[in-house]
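A short worksheet on the structure shown next.
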Amino acid sequence: MILMFYIALMLTVFLVLALLIAPVVLAPSPAARRILEMVESTRPDRRRIGAKERIKDSILSIGISLRTKFGFVADDKLRDRLLAAGLRGRGDTEAYRSSRFLLPLAGIAVGVALPHSSIFIAFALGAVLYLVPDIWLRMRISKRRGKIRNGLPDALDLLVVCVEAGLGLDQAMLRVGHELVISHPEISQEFAQINLEQLAGKPRLAAWKSAAKRTDVPEFSLFVTMLTQADRFGTPIIRALSRFADEIRSKRRQRAEEMAAKTKIKILFPLVLFIFPCIFIVLLAPAFLSIIRTMKTFR
């Protein structure tokens, strides 16, 4: 009995000491406390969910449930394409996947409901609607890449100014991203993403290479390659940025001149199809009418 008493006493003392030491040992680190302060919010959620948002959530939930039941899973290529299009939210991803699944079903249902319809028309409509999200995504990616390509010289000029003013490269990119929110939001979004990845612990070179892979723009890839070489070999970053900005600006000017030269050929088709017939009608119609009146006099 005495032995059991001593064992219980030792366990009690151990548990009391453990309870006293646990808050000190298991306390979160300063970095974890800062993250918790940023994530936690004491404000009540007073946002009103409208009918449009409720309908969207219900459609997404139906699409997700059907997609999971039929075994359609996400792949890395689709995720890279959505990132290249600037769609980073989970809602955007689920909306695209659900549209690829629900639109063909809706097309088949509409094709069957049409009067005097056939199975071929129903499945053809479903196939067309299946391709619509992919076509829209390709157009969005192409448009975003063009905007990044056109806005990169301006971003490089601002980077040169910020670095010459004494800012580091990371701080200069963050500053340029804030300045280009309105004029070039795509480049601002990419620079902000690079800064967030570096804050999360990703190495600088890896963050730059992931941005080049995400955008898939040749000029942006050359920009990342230049920054990587300058960081690896110790080249002065101001000189490298200035030379690269001049090259990119000259390429943009050459691309604009090329597009202007192509307009001379492209304008021939609307001239022949739309403008020349109108000119012929205006010029020849009075003569044709006068010939008809003259021919009537001879009768």
Checklist entry - I238 fails exactly one of the following numbered conditions: (1) out of contact with any Lys or Arg (no Cβ under 8 Å at 6 or more places or on another chain); (2) on the phi > 0 side of the Ramachandran plot. What is the number of that condition? => result (2)
Next on the checklist: Take the conditions closer than 28 Å to G166 by Cβ, modelled with pLDDT of 80 or more and of a type outside the set (A, V, I, L, M) and apply them to R255. Does it pass?
Outcome noted: no
Next on the checklist: Quick check on my filter: what residues within segment 97-148 are of a type outside the set (A, V, I, L, M, F, W, C) and within 30 Å of V176 (Cβ to Cβ)?
Outcome noted: R138, R140, S142, K143, R144, R145, G146, K147
Checklist entry - Does any residue of segment 232-251 turn out to be at pLDDT 80 or above, of a type in the set (D, E, K, R) and within 17 Å of the chain's Cα centre (by Cα)? => result no
Item to check | A95 vs. criteria among the small types (G, A, S), at pLDDT below 80 and either closer than 30 Å to A172 by Cα or surrounded by 13 or more Cβ atoms within 10 Å (Cβ to Cβ) (or both) | outcome: yes
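Each row is one residue, and each column tells you yes or no for (1) at pLDDT below 75; (2) among the basic types (K, R); (3) under 26 Å from the mean Cα position of the chain (by Cα).
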{"position": "I49", "(1), (2), (3)": "yes, no, yes"}
{"position": "K52", "(1), (2), (3)": "yes, yes, yes"}
{"position": "G63", "(1), (2), (3)": "yes, no, yes"}
{"position": "G71", "(1), (2), (3)": "yes, no, no"}
{"position": "P104", "(1), (2), (3)": "no, no, yes"}
{"position": "L125", "(1), (2), (3)": "no, no, no"}
Next on the checklist: Suppose the filter is more than 19 Å from P185 (Cα to Cα) and assigned by TED's automatic domain parsing to the domain that holds R243; does L167 pass it?
Outcome noted: yes
Next on the checklist: Can you find a residue that is touching a residue at least 60 places away in the same chain (Cβ under 8 Å), surrounded by fewer than 17 Cβ atoms within 10 Å (Cβ to Cβ), part of a helix (DSSP H, G or I) and of a type outside the set (D, E) anywhere in segment 170-186?
Outcome noted: no
Checklist outcome for this item: Selection from segment 273-299 of residues hydroxyl-bearing (S, T, Y) and surrounded by 10 or more Cβ atoms within 10 Å (Cβ to Cβ) yields S290
Checklist entry - Do we have any residue at all in segment 190-207 that's crowded, with 19+ Cβ neighbours inside 10 Å and in contact with a Lys or Arg (Cβ under 7 Å, 6 or more places away or on another chain)? => result no
Checklist entry - surrounded by 10 or more Cβ atoms within 10 Å (Cβ to Cβ), touching an Asp or Glu at 6+ places or on another chain (Cβ under 9 Å) and more than 26 Å from L87 (Cα to Cα), is that true of I267? => result no
Checklist entry - What number of residues within segment 111-161 satisfy the criterion of being small (G, A, S) and buried (at least 19 other Cβ atoms within 10 Å of the Cβ)? => result 3
Checklist entry - What tally of residues in segment 240-295 results from selecting those that are among the aromatic types (F, W, Y) and closer than 30 Å to A155 by Cβ? => result 1
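The values are calculated or read from the model by the stated rules, or taken from the named source; none is laboratory data. These figures come from a predicted structure and were not determined experimentally. All Cβ positions, even for glycine, are placed from backbone atoms using ideal geometry, and neighbour counts span all protein chains on display.
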